[in-house]
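This report concerns only the one structure given below.
Nothing in this text is a laboratory measurement; each read-out follows from the coordinates by a stated rule. Just so it is clear, the structure is predicted and the values come from calculations on it, not from any experiment. Using ideal geometry, Cβ is built from the backbone for each residue, glycine included, and neighbour counts are taken over all protein chains shown.
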Amino acid sequence: MTFKIITLGCKVNTYESEFMLENLLRSGYIYSEEKPDIIIINTCSVTNMADKKSKKMVRRARRENKDAILVVAGCSTQNAKEEYENMGIDILIGNSKKSKIVELISNYQKTHEPYNYFTQNRDLDFENMTVEKFTTHTRAFIKIQDGCNNFCSYCIIPYVRGNIRSKKFADVFKEAEVLVANGHKEIVLTGIHTGSYHNEDKDLSDVISAIAKIPGLKRIRISSIEITELNDKFLHLLETEPKIANHLHIPLQSGSDTVLKRMNRKYDTTYFKEKIAQIRKIRPDISLTTDCIVGHPYETRECFQEYVNFCKEMAFSKLHVFPFSKRNGTASALMPEINEEEKRKRVHVLLALSNALEHDYEKKFLGEKLEVITEEYINGYTTGFTSNYLKVYLKGELKLNQVYECVIDKLDDNLVYGHILTCLNEEIKL
């Protein structure tokens, strides 16, 4: 039978979908985009818009594929179970049992009885999954952690992903070894709250130290890490381990202490600023990207101006900007909302600032030599990423998943162009 997988949302979902893909292929199923017998949708619920998109995708899949086996899973189903139960779904699960995807489909093929499974218990065990090779990315992801205990006032994720739990340390190392042996040169460590990793007295720094020793691994990237998790142990590793990518994504969410307190974040702007200074003392040219929520309740115009000024002062290399999304069941849902038009204006202000900050950061590297791992061929250019997460366009169709030493020679509308000096993997004629 043929199948396809539709993935919405974060890198954790990407990892889990890759696991399902790999296991279905191994069990004899065939991947096909054309009229598949089985459609799997891995949903997202990080915002109201993500929920709406997930539900729209499910309705469309059922409407256009009446005879297909429809499997729907993920955060949105966990958050809105009752709604999904009325959408004609054959196999409906939340954030548990994704590892049993082959078994669930096989059982349905035998019985043709709809299957529905959810757990409302936050005290969950880590559902172990292992991926041997990514077919959709040259970068390999390893999900090392799941769940969150922070309960930020705006966030639904702790309710749909459960408590903090971590993959066994030995399993992380073994998975990394296999991924590198299968050709991956960069590994991205990911989770719902990646920096909270803890297993058998091992933390995130221990994971990085261990897998950095794997021959052939070029880079280790962290999908996201909270400012409160950048302890002395991690900062020392940042200083001493060159395989850690020269890029950290550190969510800010607001640059106003008043709003941060309302958000139930675990830091203030003074703490954030001091940690950023420590990082830049170790790596002056590091790329620091962040998440920004705009229009949280009680974000006055004065608070927003503090926010803008703080982002300028931090000189992030990019801002990921999201308008506040009211999530029923969270503390922020009980607070008075800001006018939607005002919220949109503030979003545009931060997006414009992000473009300016991104351009300022990219300009620093004109004429500089940087290593690029090639990922994709697009319209006459091969693109790839540097350690500091610049997406570089290189002329011509080059071999993918190769490490090239390049010179950055042009910026055009926040696109970065370079030319190759040499390939660090193989002999090539230049």
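Counting other beta carbons within 10 Å of each residue's own, what order do His247, His419 fall into, fewest first?
The order, fewest Cβ neighbours first, is His419, His247.
Go ahead and estimate [θ] at 222 nm for the chain from helices alone: -39,500 (n - 2.57) per DSSP H run with n ≥ 4, summed, over the residue count, rounded to 500.
Here the helix-only value at 222 nm equals -10500 deg cm²/dmol.
Report the charge-dipole magnitude of the chain in Debye, nearest 20, computed about the Cα centre from +1 at each Lys and Arg Cβ and -1 at each Asp and Glu Cβ. Could you put the intermediate results ahead of the total?
Values: 61 positive and 60 negative charges, 97 e Å.
In debye, rounded to 20, the chain gives about 460.
Can you sort Glu177, Glu302 so the residue with the fewest Cβ neighbours within 10 Å comes first?
With the sparsest Cβ surroundings first, the list reads Glu302, Glu177.
Counting other C-beta atoms within 10 Å, which of Tyr271, Tyr84 has the fewest, and how do the rest follow? Let's see the in-between values first.
Values: Tyr271 15, Tyr84 24.
Fewest to most other Cβ atoms nearby, the residues stand as Tyr271, Tyr84.
Order of 229-235, 162-168 by packing, highest average Cβ count within 10 Å first? Please report the intermediate quantities before stating the final value.
Working: 229-235: 15.4, 162-168: 20.0.
Output ranking for 229-235, 162-168: 162-168, 229-235.
Distance between Cα centroids, the stretch 187-215 to the stretch 354-399: provide it in whole Å.
Answer, in whole Å: 27.
Which one, (1) 1.00; (2) 0.96; (3) 1.08, gives Rg/Rh (Cα atoms, Kirkwood Rh) as derived from the coordinates shown?
For Rg/Rh (Cα atoms, Kirkwood Rh), the calculated option is (2).
Taking a ≥ b ≥ c as the square roots of the Cα gyration tensor eigenvalues, with a/c under 1.5 meaning rounded and otherwise prolate when a/b beats b/c, else oblate, which class fits the stretch 343-430?
Verdict is prolate for the stretch 343-430.
Across the stretch 308-430, how many lysine pairs, 8 or more positions apart or on different chains, have C-alpha atoms separated by under 17 Å? Please give the number.
Here the count comes out as 18.
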